[in-house]
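Undergrad: Just dropping this structure here.
The values are calculated or read from the model by the stated rules, or taken from the named source; none is laboratory data. Small disclaimer: the values here were computed from a predicted structure and weren't measured. Heads up, the Cβs are rebuilt from the backbone with ideal geometry, glycines too, and the neighbour counts pull from every protein chain shown. Accessible surface is based on the protein model in full, side chains and every heavy atom, while ligands, DNA and RNA are left aside. Shrake-Rupley method; radii C 1.70, N 1.55, O 1.52, S 1.80 Å.
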Amino acid sequence: VIHTLLQNVRNNLKDLLRSRPDVLEQLDHDLGLTYKGMGWEEEAKGLLEFIFDYEAWTEPGEWATTTLKWGPQDLIRRIGLRTCPYCNRAYIYSVSRRKGNVEVRADLDHFFDKAEHPLLGLSFYNLVPSCTTCNSRLKARTPFTLDQYMHPYVEGFDDDAVFRVGKHASALDPQQLLEDPESIGVHIENRVDAANPKRAKINSHIELFCLEKFYKGHCDVVADAIVRYRMYTPELVRALISSFGRGVLTEKYVRRVLWGNYTDIEDLHRRPLAKLTRDVLNDLGFTWKD
Ligand SMILES: [Zn+2]
């Protein structure tokens with residue numbers, strides 16, 4: 001059993017490290033057949049944990065500092081994700097201080113739990129930079145499959161699940177809104193129809209990561225967005241652009257400063273609560289034009 005397993009690992013090593021999530025899931029299943037249910041499962045898992053040694057890679061110690069060319073910090077930097085893809089509430093960071101050799105960084109979540117899937121312990125597409133709350137506290141050891149949960153490298157909420165405040169919000173008294181933002185309320189609308197499997201995945205995601213509960217704590221940001229929406233007029237934008245002088249600031253950047261966040265879909269990962277801001281503006285009826 002062990003011999004066959006090792007041979008299979010060697011033959012599939014590159015694919016195990018580099019494949020996309022759907023291929024990883026299949027490979028893990030197929031290679032798992034060579035040792036699962038054969039009476040050697042614990043031994044095989046121990047061996048695989050030794051081969052795909054995530055702990056040694058993340059905390060290499062003195063012995064490896066000269067042999068490991070790069071580590072989790074480099075991976076996080078190269079992926080370039082700026083906020084947690086599970087919640088968009090916390091920054092992803094990777095910082096080291098030379099003095100005292102201090103390193104602080106975001107978590108790397110194993111989408112497929114590494115204790116259950118030791119073959120995928122070091123697979124690139126199984127390592128998702130995320131915040132500690134989502135990774136260690138909420139997801140923890142929850143078994144994830146591609147059928148049940150969205151893999152952040154494959155799919156996201158996009159416009160299939162959106163934050164809603166309701167159009168009435170723009171008619172509320174701005175002073176009152178800012179003083180008592182909790183009066184607005186915010187919820188997430190799942191727009192996917194029941195026949196589409198994505199609908200259940202979105203619901204599972206919202207539930208597991210407590211998104212509606214957490215976002216109720218961000219009503220002040222919603223209130224700001226509503227008031228800003230009411231302040232936002234083409235005249236104000238033109239006045240701001242011309243106050244900086246011709247060609248200094250484009251409307252795109254004036255908008256970002258006015259909204260207090262990124263609002264282009266491809267930039268939503270850059271700052272916490274960017275999706276909330278964008279969705280609220282959409283909900284109020286803001287029309288995007290570039
Ligand atoms: Zn998170």
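Undergrad: Do any GluC sites (Glu not before Pro) in segment 99-194 lie in a loop, going by DSSP, with at most 16 other beta-carbon atoms within 10 Å of their beta carbon, and if so which?
TA: Answer by residue number: Glu116, Glu155.
Undergrad: Tell me the angle of helix 2-11 to the major Cα principal axis of the chain, expressed in degrees between 0 and 90 and rounded to the nearest ten.
TA: The angle comes out at about 50 degrees.
Undergrad: Using 1/(1 + (r/R0)^6) with R0 = 45 angstrom and r between the beta carbons of Lys14 and Asp264, what's the FRET efficiency to the nearest 0.05?
TA: Values: r = 35 Å, r/R0 = 0.79.
Here the calculated transfer efficiency is 0.80.
Undergrad: Tell me, what is the FRET efficiency for Val237 and Asp173 to the nearest 0.05, using R0 = 30 angstrom and their Cβ-Cβ distance as r?
TA: 0.80
Undergrad: Right, here's the next one. Got a number for the accessible area of Asp193? Probe 1.4 Å, square angstrom, nearest 10.
TA: For Asp193, solvent-accessible area is about 100 Å².
Undergrad: So what is the relative contact order for the chain, in percent, with contacts set as C-alpha pairs under 8 Å and at least six apart?
TA: 18 percent.
Undergrad: Name the most mobile residue of Lys139, Lys36, Lys99, meaning the one with the largest mean-square fluctuation, in a Gaussian network model of the chain with Cα contacts below 10 Å.
TA: Checking each option, the largest mean-square fluctuation is seen for Lys99.
Undergrad: Take every Cα pair under 8 Å in segment 1-160 that's 6+ residues apart, average their separations, divide by the length, and report that relative contact order as a whole percent.
TA: Rounded, it is 25 percent for segment 1-160.
Undergrad: Largest first, what is the accessible-area ranking of Tyr253, Tyr54, Tyr125 with a 1.4 Å probe?
TA: Putting Tyr253, Tyr54, Tyr125 in descending order of accessible area: Tyr253, Tyr125, Tyr54.
Undergrad: I've got another one for you. Carbon and sulfur: what percent of segment 237-277's accessible surface (1.4 Å probe)? Working shown, then result.
TA: Details: 1320 of 2330 Å².
Heavy-atom surface of segment 237-277 belonging to carbon and sulfur, 1.4 Å probe: 56 percent.
Undergrad: Which distance in nm do the two modelled labels at Val104 and Lys69 give, with both placed 7 Å along the Cα-to-Cβ direction?
TA: With each label point 7 Å from Cα toward Cβ, the separation is 3.1 nm.
Undergrad: Rank His151, His168, His218 by mean-square fluctuation in a GNM of the chain with C-alpha springs under 10 angstrom and give only the top-ranked residue.
TA: Comparing His151, His168, His218 in a Gaussian network model of the chain, the most mobile one is His168.
Undergrad: Among all the lysines, which ones have a C-alpha under 16 Å from Lys252's C-alpha, if same-chain residues fewer than 8 places away are not counted?
TA: Leaving aside lysines fewer than 8 places away in the same chain, those within reach of Lys252 are Lys289.
Undergrad: A follow-up question, please. Per 0.36 nm of contour for each residue apart, how much would the distance between Lys289 and Glu155 grow if the chain were fully extended, relative to their Cα-Cα spacing?
TA: Taking 0.36 nm per residue and subtracting the Cα distance, the gain is 45.7 nm.
Undergrad: To continue, here is another question. Heads up, I need the accessible area for Arg228: 1.4 angstrom probe, whole protein in place, Å², nearest 10.
TA: Counting only protein heavy atoms, Arg228 exposes about 80 Å² to solvent.
Undergrad: May I pose another question? Leaving out ligands, DNA and RNA, what percent of the accessible area of segment 54-152 is carbon and sulfur, probe 1.4 Å?
TA: Reported share for carbon and sulfur atoms: 50 percent.
Undergrad: If I fit a long axis through the Cα atoms of helix 41-51 and take the longest principal axis of the Cα atoms of the chain, what angle between them do I get, 0 to 90°, rounded to 10?
TA: The helix 41-51 is inclined about 70 degrees to the chain.
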